[in-house]
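Have a look at the structure below, then the notes.
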Amino acid sequence: MPLTIIKGPPNSGRPDELERRYLESISRRPVLVVPGVDDIFDWERRLTRGSGAMVGGQIVHFRDLFSEIL
């Protein structure tokens, strides 16, 4: 699985682009790495707001990324 970094200035639409790419790649079991634990819950709410549930992807904190890699 390739690593993709989405960058840009504030208010440039990064969260919308990230959401679009994540949902498009859900069949490939994407891993979204977020900076804080609170961000996990924010992204879970954002990604499931239309359907209420989602199977296939994963959202992890930076600290948990190392466990995923090993």
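If you go through region 50-59 one residue at a time, do you hit one that is assigned to a helix (DSSP H, G or I) and either modelled with pLDDT of 85 or more or in contact with a Leu (Cβ under 8 Å, 6 or more places away or on another chain) (or both)? Among the residues of region 50-59, not one is assigned to a helix (DSSP H, G or I) and either modelled with pLDDT of 85 or more or in contact with a Leu (Cβ under 8 Å, 6 or more places away or on another chain) (or both), which makes the answer no. Please work out which residue is farthest from Ile69 (Cα to Cα), limiting yourself to region 18-54 and to residues that are surrounded by 14 or more Cβ atoms within 10 Å (Cβ to Cβ) and among the aromatic types (Phe, Trp, Tyr). The qualifying residue farthest from Ile69 (Cα to Cα) is Trp43.
Just to be sure I understand, how many residues within region 55-70 are over 10 Å from the mean Cα position of the chain (by Cα) and loosely packed, with under 14 Cβ neighbours inside 10 Å? Of the residues in that region, 10 qualify. If the condition is being part of a loop (DSSP other than H, G, I, E, B) and more than 10 Å from the chain's Cα centre (by Cα), then region 18-39 contributes Ser25, Arg29, Pro35, Gly36.
Cβ separations smaller than 8 Å between residues 6+ apart or across chains give the following pairs from region 1-17 residues that are among the charged types (D, E, K, R) to residues that are not in a loop (DSSP other than H, G, I, E, B): Lys7/Arg14. Number of residues in region 4-17 that are open to solvent by 90 Å² or more (accessible area, probe 1.4 Å) and more than 12 Å from the chain's Cα centre (by Cα) equals 3. Among the residues of region 19-70, those identified as of a type in the set (Gly, Ala, Ser) and in contact with a strand residue (DSSP E or B) (Cβ under 9 Å, 6 or more places away or on another chain) are Gly36, Gly57, Ser67.
The values are calculated or read from the model by the stated rules, or taken from the named source; none is laboratory data. Because the structure is a prediction, the values reported are computed rather than measured. Neighbour counts run over all protein chains shown; Cβ positions are idealised from the backbone, glycine included. Quick note on the areas: whole protein, heavy atoms, side chains included, nothing else; ligands and nucleic acids left out. Shrake-Rupley method; radii C 1.70, N 1.55, O 1.52, S 1.80 Å.
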